[in-house]
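Beneath this line is the structure, given in structure tokens, with notes to follow.
The numbers here are math on the coordinates, done by the rules we state, and not lab data. No experiment lies behind these values; they were computed from the predicted model shown. So basically every Cβ, Gly included, is an ideal-geometry build from the backbone, and we count neighbours across all protein chains shown.
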Amino acid sequence: MNRSINRFLILLIVLVLSSLACSLGATGTPTEVPSGPKILFQDDFSSKGNEWLQLRDADGITDYEQEGYQIKVDKTEWIFWSNPGISLTNLKIDVDASKIDGPEENEFGVICRYVDENNFYFFTVTSDGFFSINKVINGEYEFIGMDEFGTTDAVLPGNALNHLTAECNGNTLKFWVNGTLLLETQDDSFTVGDVGLIAGTADTIGTNILFDNFVVTEP
């Protein structure tokens with residue numbers, strides 16, 4: 001008789017505890033995972049694909065290197081660029097860039113709304129603290145929102161990593177380096193096109209830049 005009562009009590013306790021557990025589980029609030037801007041394209045260059053140009057010759061390099069993407073320019077007053085072959089309208093580009101070696105008087109950055117080699121926007125900084133927003137229109141190079149290169153202390157010199165951000169949204173163009181807004185301006189020459197990476201030289205050859213963590217999101 002006592003054993004039966006004990007078994008009954010044990011069963012009752014188990015049922016009560018199970019009920020409480022289910023009740024607590026039912027009233028819990030699910031944790032919402034915050035969502036960031038929609039990613040339109042990204043590449044960490046950890047594996048080679050067919051998206052980016054892979055070329056090495058006497059004039060320089062545009063190719064995968066060290067789990068990044070390298071642009072080296074061995075001609076004076078020259079620029080090289082590469083595009084992944086996509087078409088987008090409004091976007092924000094983020095990328096890390098560091099100087100492998102070469103002169104401080106260099107130029108490196110990102111491209112948006114690339115129509116063809118004669119028509120596109122590009123955003124660049126130099127290792128010695130200059131920046132610009134530009135366009136190539138019908139093969140002619142023009143500053144946008146400025147008459148010459150601007151100066152900034154936000155660019156980290158030498159071989160330090162710099163984080164570049166550019167936004168093309170409607171007719172508004174914005175450019176940041178390491179979180180500092182350098183310039184916001186307007187232009188309506190191009191509305192859609194490819195994105196890309198770009199680097200160039202001034203009077204000295206050897207600009208050598210490694211890009212990584214290229215991410216394109218909605219603005």
request  = Read through the list (1) under 24 Å from Glu51 (Cβ atoms); (2) in a strand (DSSP E or B); (3) within 20 Å of the chain's Cα centre (by Cα); (4) not small (Gly, Ala, Ser), then give the number of the only condition that Ile133 fails.
outcome  = (1)
remark   = Within region 63-93, of all residues that are of a type in the set (Asp, Glu) and out of contact with any Phe, Trp or Tyr (no Cβ under 8 Å at 6 or more places or on another chain), the one nearest to Asp203 (Cα to Cα) is Glu77
key: Filtered residue count, region 147-166, keeping only those that are assigned to a loop (DSSP other than H, G, I, E, B), among the polar types (S, T, N, Q) and exposed (fewer than 14 other Cβ atoms within 10 Å of the Cβ)   = 1
query = Counting only residues that are part of a loop (DSSP other than H, G, I, E, B), more than 22 Å from Asn119 (Cα to Cα) and either of a type in the set (A, V, I, L, M) or without any contact (Cβ under 8 Å) to a residue 24 or more places away in the chain (or both), how many does region 187-219 have?
reply = 1
Options Gly109, Gly145, Gly129, Gly139; residue that is of a type outside the set (A, V, I, L, M, F, W, C) and touching a residue at least 60 places away in the same chain (Cβ under 8 Å) = Gly109
